[in-house]
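**Q** Pasting in a structure now, in structure tokens, and then I'll have a few things to ask.
The values are calculated or read from the model by the stated rules, or taken from the named source; none is laboratory data. From a predicted model like this one, the values you see are computed outputs, not experimental measurements. Backbone-built Cβ (ideal geometry, glycine too); neighbour counts: all protein chains shown.
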Amino acid sequence: MIDIVTLDELSHWDLLYNQYVTENADASSGQIVFLGDSLTEGYPVSDYFESDLVLYNRGIGGDTTAGVIRRLEANVIAISPAVIILLIGVNDLHSGVSPTTILARLEEILQTLQAALPECKVYVESLYPTNPSVWDLSAFWDDIDALNPQIQALAESFGYAFVNVHDLLSDGDSLRAEYSVDGLHLNANGYSVVSDALAAAVPELTRKP
């Protein structure tokens, strides 16, 4: 007997994973992929950038480094992008994953990308700061501060660029309140700051006025 899984039983991760697989059937190769968690899923990239390349958002809310590893081939490598912008790791911390494990999984992600897409330009973003005024993730501040230089070193060891968005969003201690809706996720002002940083780092992206 075959068990039938209904849409109601599929997780948000499963639904978007399957959606991206379906969309990839009609996607073009050699374009730009934004890959990450809810900070990427909620990022309306076409509102902020112009490009000669197509912008594909492959963010999934709640995703982790382990989730990205699971879906890397089907959601990303399958369409052979020319540029990948990667932001992942904060949900790992929130789930109790150690910084050492996060770095090891990030290394696996970058190794896989380099082996499968040797000509692809990969940009690795810093983990963003958080603000405890609404959603208190301050317990992870030390880990975020310690991880970002290690993420930078890891990215650069592969010849990939590191984009330090953290410091642009921070007031010195936490995520600026005017950039966030809940202390973690960004509002339009926050995404504007991120977009300025990415446009400065990625030649294929031009900021919309």
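Matching residues to (1) in contact (Cβ under 8 Å) with a residue 60 or more places away in the chain; (2) not hydrophobic (A, V, I, L, M, F, W, C):
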position: LEU10; (1), (2): no, no
position: ALA25; (1), (2): no, no
position: PHE34; (1), (2): no, no
position: ALA66; (1), (2): no, no
position: GLU73; (1), (2): no, yes
position: ILE77; (1), (2): no, no
position: ALA82; (1), (2): yes, no
position: GLN114; (1), (2): no, yes
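**Q** Just checking, how many residues over region 188-203 are among the acidic types (Asp, Glu) and within 15 Å of the chain's Cα centre (by Cα)?
**A** 0
**Q** Restricting to helices (runs of 4 or more DSSP H) lying wholly in region 119-209: which have 3 or more residues that are of a type in the set (D, E, K, R) and loosely packed, with under 15 Cβ neighbours inside 10 Å?
**A** Those helices (runs of 4 or more DSSP H) span 141-157.
Conditions (1) within 13 Å of the chain's Cα centre (by Cα); (2) of a type outside the set (Val, Ile, Thr); (3) farther than 28 Å from SER192 by Cα; (4) surrounded by fewer than 22 Cβ atoms within 10 Å (Cβ to Cβ), marked per residue:
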residue	(1), (2), (3), (4)
HIS12	no, yes, no, yes
TYR17	no, yes, no, yes
TYR20	no, yes, no, no
SER29	no, yes, no, yes
GLU50	no, yes, no, yes
LEU55	no, yes, no, yes
GLY61	yes, yes, no, yes
GLY67	yes, yes, no, yes
THR100	no, no, yes, yes
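**Q** Hand me the list of strands (runs of 3 or more DSSP E) wholly inside region 1-92 holding 1 or more residues that are small (Gly, Ala, Ser).
**A** Answer list for region 1-92: 32-36, 55-59.
**Q** Taking the condition more than 17 Å from the chain's Cα centre (by Cα), small (Gly, Ala, Ser), closer than 24 Å to GLU73 by Cα and modelled with pLDDT of 95 or more, does ALA104 pass?
**A** Considered against the rule, which asks whether it is more than 17 Å from the chain's Cα centre (by Cα), small (Gly, Ala, Ser), closer than 24 Å to GLU73 by Cα and modelled with pLDDT of 95 or more, ALA104 comes out as no.
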